[in-house]
Amino acid sequence: MNVLLMSPWLPWPPYDGGRIRILETLRYLSRRHSVTLVTSLCRAGEIDHAPVLKDFCQNVITTVVSNGTGAVFSRLSRGVLSRRPLIQSFYYDTHLAQQVRDLTSRVAYDVIQVEFPFQTPYLNAVAPLSRAKKILTMHNIESLRFKRELQLSQWGKRRLVLLGNHLFFRAWEKEALRQFDGIITVSDLERTWVQLHAPRATVELVPNGVDTEYFSPACPIPPESNPYIVFTGAMDYPPNVDAVRWFCNEILPMLQRNIPHIGLKIVGKNPHQQILELGNLKGVHVTGTVADIRSYVAGALALVVPLRSGGGTRLKILEAMAMERPVISTTVGAEGLEITPGADILIADDAEQFVDQVQLLVRSPETSKRLGSEGRRLVIEKYDWSVCLSGLERLYDTLLGSEAA
């Protein structure tokens, strides 16, 4: 098949969940299909740092979209005049829309796959005679994410912004869904939500996965004088910021009263100022961007996922499991994964439970080893990317029927 895939950003380097999923999608589709990637760049020449994309894509079409104040204000202003939601306006570029118009006028695509609902306005640029099936990948439900953040926020400016986002996003997400023939979700929660709000669309569950060869128990473990637990993720993402602040302020002090030398390593790009300030606390190390997270995970007593908001499914959990490292997560953090608490993961939803679960791993290396082994078995059976992404072709075949090649 001939597939046009639209990504809001260059999926390289793959340092967050969205980029990782898009990169793995390109890698998977390239084995049997012809793929054209259409994406925006933050600066000219950025594509030169991503030669790997040329291995997966027949064509890579890019346009530089500035995030400078003036350029962003211009896009948002045009969006207001067009009655377009602000997040859609932020990512919408007229030059990129023209690229889409030209491509779909010249090339007969079987599938146009859009990553994230806020890219929906680009469908208006698709040539009228195009017969391509239009597919949306829902990486998460943004309105649900804002609802959860709202429940945790304090009164003030931030709460008002979250309230507006929750109400605003809920309306435009539902409208965006109805413009697609097929919709990809990453968990049963999202699938149920989509089926409720877009009953005419064909919905396929295509869960997040992990490269079980890259993330493996064979990764060398660096020497470390004191035990530590680790959190990984983009550290400018609000749900991650909330999770780490909660852990450092309420859970870690309780834990250190019983295990004085235990520390926490916060590993991830673009740490928010509130995260940088946590580095002043006893035992807390904020790394910022690292070339390879595997050594940090390999040497950890456990990966902790104290998420209280957000959506989708957490690649960080699958990565740690693939490396046979124990995972301690909130129920929200492990949402959407086919886990068995106590067998392949430990669940903790308050500070006392987190402390108890960490102490269990310290006291019982056997429990730690068992959790690691069962976690890796789970991801090999159900969450290797080659298994997860097969749902893409099921959806393509369902929508195209006898037209599928």
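The values are calculated or read from the model by the stated rules, or taken from the named source; none is laboratory data. Just so you know, these numbers come straight off a predicted model, no measurement behind them. Reconstructed Cβ throughout: ideal geometry from the backbone, glycine too, with neighbour counts over all protein chains shown. The area values use the complete protein model at the heavy-atom level, side chains included, leaving out ligands, DNA and RNA. Shrake-Rupley method; radii C 1.70, N 1.55, O 1.52, S 1.80 Å.
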Hits in segment 17-55 (condition: in contact (Cβ under 8 Å) with a residue 60 or more places away in the chain and surrounded by fewer than 16 Cβ atoms within 10 Å (Cβ to Cβ)) | Arg32
Going through segment 21-64 in order, the residues found to be part of a loop (DSSP other than H, G, I, E, B) and in contact with a helix residue (DSSP H, G or I) (Cβ under 7 Å, 6 or more places away or on another chain) are Ser30, Cys57
Near pairs, Cβ below 8 angstrom, 6+ apart or cross-chain, from segment 80-103 (farther than 23 Å from Ala132 by Cα and open to solvent by less than 60 Å² (accessible area, probe 1.4 Å)) to any residue that is at pLDDT 80 or above and part of a helix (DSSP H, G or I) = Arg84/Pro121; Pro85/Phe118; Ile87/Phe118
Report, ordered by the first and then the second residue, all pairs with beta carbons closer than 6 Å, sequence separation of six or more or different chains, a first member in segment 191-214 that is among the β-branched types (Val, Ile, Thr), and a second member that is part of a strand (DSSP E or B).
-> Val194/Ile183; Val194/Thr185; Val194/Val203; Thr202/Gly182; Val203/Ile183; Val206/Ile184; Thr212/Asp384
Counting only residues that are under 15 Å from Leu5 (Cα atoms) and not in a strand (DSSP E or B), how many does segment 103-129 have?
-> 16
Are there any helices (runs of 4 or more DSSP H) wholly within segment 180-274 with 2 or more residues that are closer than 30 Å to Leu395 by Cα and open to solvent by 10 Å² or more (accessible area, probe 1.4 Å), and if so which?
-> 188-197
Look through Ala300, Ala343 and report the one residue that is surrounded by 15 or more Cβ atoms within 10 Å (Cβ to Cβ) and either in contact (Cβ under 8 Å) with a residue 12 or more places away in the chain or not acidic (Asp, Glu) (or both).
-> Ala300
Which residue pairs have Cβ atoms under 8 Å apart, sit 6 or more places apart or on different chains, and have a first residue in segment 274-294 that is closer than 13 Å to Leu264 by Cα and a second that is aromatic (Phe, Trp, Tyr)?
-> Gly283/Tyr228; His285/Tyr228; Thr287/Tyr296
State yes or no: is Leu307 open to solvent by less than 20 Å² (accessible area, probe 1.4 Å), part of a loop (DSSP other than H, G, I, E, B) and either within 16 Å of Gly233 (Cβ to Cβ) or of a type in the set (A, V, I, L, M) (or both)?
-> yes
Any residue in segment 346-362 that is farther than 30 Å from Arg257 by Cα and of a type in the set (D, E, K, R)?
-> no
Only one of Ser329, Ser364 is under 26 Å from Ile221 (Cα atoms), modelled with pLDDT of 95 or more and open to solvent by less than 10 Å² (accessible area, probe 1.4 Å); which?
-> Ser329
Selected residue [closer than 28 Å to Thr330 by Cα, touching a helix residue (DSSP H, G or I) at 6+ places or on another chain (Cβ under 7 Å), among the acidic types (Asp, Glu) and touching a residue at least 12 places away in the same chain (Cβ under 8 Å)] from Asp188, Asp242, Asp236 | Asp242
If Glu338 passes every condition in (1) under 30 Å from Val111 (Cβ atoms); (2) open to solvent by 40 Å² or more (accessible area, probe 1.4 Å); (3) not in a loop (DSSP other than H, G, I, E, B) but one, which one does it miss?
-> (3)
